[in-house]
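To start, the structure itself, in structure tokens.
Values quoted throughout were computed directly from the atomic coordinates according to the rules given, and no laboratory measurement underlies them. Keep in mind that this is a model prediction, so the values were computed, not measured. Cβ coordinates were reconstructed from backbone atoms using ideal geometry, including for glycine residues, and neighbour counts include every protein chain displayed.
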Amino acid sequence: MVVTYNRRDLLQEALAALAAQSRRPDHVVVVDNASSDGTAEVVAREFPDTDLLVLPRNIGGAGGFGAGMARALAAGADLLWLLDDDTVPGPDALHELLLARGGATAADGPPALVASRVVWTDGRDHPMNTPRAKPRTPAAEREIARAAGCVPIRSASFVSVLVDAASVRERGLPVADYFLWNDDFEFTTRLLRGRRGVLCPRSIVVHKTKEFGGADADPGDRFFYEVRNKIWLFSGSAGLAPPERALYAGSTLRRWTRTFAGSSDRAVLRRAMLRGMRDGLLTRPKPTADLLREVGVEVPGDDEPRPR
């Protein structure tokens with residue numbers, strides 16, 4: 001499943017790489033977030049076997065992944081491989097994810113999530129997409145992951161992650177109203193709370209961002225989403241236990257400090273932060289099923305996040 005918005009050329013490269021996988025996906029869904037660059041026409045012409053979902057308006061990465069997952073779940077999918085449109089998977093990326101999932105199966109079943117190693121165009125690990133290691137991992141869980149050539153993780157990004165559809169049906173879709181930023185963190189921590197997830201270093205994808213950098217790069221006006229969504233996450237998500245909320249809140253404040261320190265226009269960041277704080281404290285996310293219904297996507301069953 002690939003979510004795209006006005007990145008036609010990158011999407012073509014990503015879809016070509018999917019078609020060239022040594023273990024090809026059984027079904028490919030592209031969610032077009034109302035692109036204006038001819039994306040839908042190119043996909044329909046050059047990749048006719050793709051299941052193309054064109055949305056009437058841009059509902060962001062969070063909404064796009066929610067819409068695509070809803071479509072896949074309604075069709076009976078058992079595994080969902082989620083990718084950004086600027087992600088080019090190596091030829092064995094899916095094969096290695098599936099091997100890792102099978103190898104990390106234990107008495108409680110397979111891991112709920114398997115993430116790829118994400119590199120930049122020069123082969124360096126991309127700091128923007130490094131999964132968070134799972135703190136205080138039990139020894140038995142570490143050994144299961146190690147035997148499969150993997151490491152336990154607590155969260156991952158939508159750049160390339162294989163998720164168990166049954167877990168999504170139980171714990172809900174991404175919160176579509178996040179629009180962008182922190183939606184993958186909220187979703188994967190919720191999916192993994194009390195469950196196992198692993199990073200598979202052998203599954204390699206290239207994230208073709210314009211620049212090499214981490215999450216503390218200056219985001220300008222988009223800092224609004226970072227602040228609002230983090231407040232929503234820490235105050236309302238079932239993904240984090242109370243001690244984890246304190247840990248990640250402290251990490252967030254340190255990252256925001258680095259963002260301000262490296263900014264060339266702190267006034268813009270201050271305005272975005274104030275708007276984000278106001279909305280985060282005074283509003284709550286719209287129910288995902290309601291938002292998706294507005295763009296013509298029905299959610300099978302009750303999609304709202306619920307506690308473990």
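Observations
- Rounded to 5, the percent of DSSP beta bridges in the chain classed as antiparallel: 50
- Options L113, V43, A93, ranked by Cα towards positive dipole end of the stretch 3-120, top entry (Cβ charges): L113
- Charged-residue dipole, Cβ positions (Lys, Arg, Asp, Glu), the stretch 176-249 about Cα centre, Debye nearest 20: 420
- Across the stretch 31-39, coupling constants 3J(HN,Hα) worked out from phi with the 6.51/-1.76/1.60 Karplus curve, θ = phi - 60°, read 9, 9, 7, 6, 5, 10, 10, x, 4 Hz, and Gly and Pro carry x.
- Size-normalised alpha-carbon gyration radius of the chain, reference 2.2 N^0.38 Å: 0.95
- In Hz, Karplus ³J(HN,Hα) per residue of the stretch 262-275 (6.51, -1.76, 1.60; θ = phi - 60°; x = Gly, Pro): x, 7, 8, 8, 5, 5, 4, 5, 4, 5, 5, 5, 5, 5
- Ranked by how many other beta carbons lie within 10 Å on average, peptides 81-88, 272-279 from highest: 81-88, 272-279
- Distances between placed amide hydrogens fall under 5 Å for L199 paired with A115, V151, I153, all partners being 5 or more residues away or on another chain.
- In this structure, the amide hydrogen of V54, modeled 1.01 Å from its nitrogen in the peptide plane, lies closer than 5 angstrom to those of D32, counting only residues at least 5 positions away or on a different chain.
- For the chain, built as a Gaussian network whose Cα springs stay under 10 Å, the top-fluctuating residue of L79, L199, L173: L79
- Among G60, W81, C200 - extreme Cα towards positive end, dipole of the chain, charges at beta-carbon: C200
- Computed FRET value (nearest 0.05) for A106 with S251, which takes r as the C-beta separation and R₀ as 22 Å: 0.15
- Compared with the direct C-alpha span, the chain from D51 to M277 gains 77.5 nm at full extension, assuming 0.36 nm per residue.
- Relative contact order, percent, the chain [alpha-carbon distance under 8 Å, six or more residues apart]: 21
- Cα-centre dipole for the chain with unit charges at Cβ (Lys and Arg positive, Asp and Glu negative), debye to 20: 1400
- With the charge dipole of the chain set up from +1 on Lys and Arg Cβ and -1 on Asp and Glu Cβ about the Cα centre, the Cα lying farthest toward the positive end among the listed residues Y5, A176, P127 is that of P127.
- Across the stretch 64-78, rounded Karplus estimates of 3J(HN,Hα) from the backbone phi angles (6.51 cos²θ - 1.76 cosθ + 1.60, θ = phi - 60°) give x, 5, x, 5, x, 5, 4, 5, 5, 5, 4, 7, x, 4, 10 Hz, Gly and Pro being marked x.
- In this Cβ point-charge picture (+1 for Lys and Arg, -1 for Asp and Glu), the stretch 1-154 has a dipole of about 640 debye about its Cα centre.
- Helix-derived mean residue ellipticity, 222 nm - over the chain, DSSP H n ≥ 4, -39500 (n - 2.57), to 500: -13000 deg cm²/dmol
- Percentage relative contact order, the stretch 220-308, counting C-alpha pairs under 8 Å, at least six apart: 47
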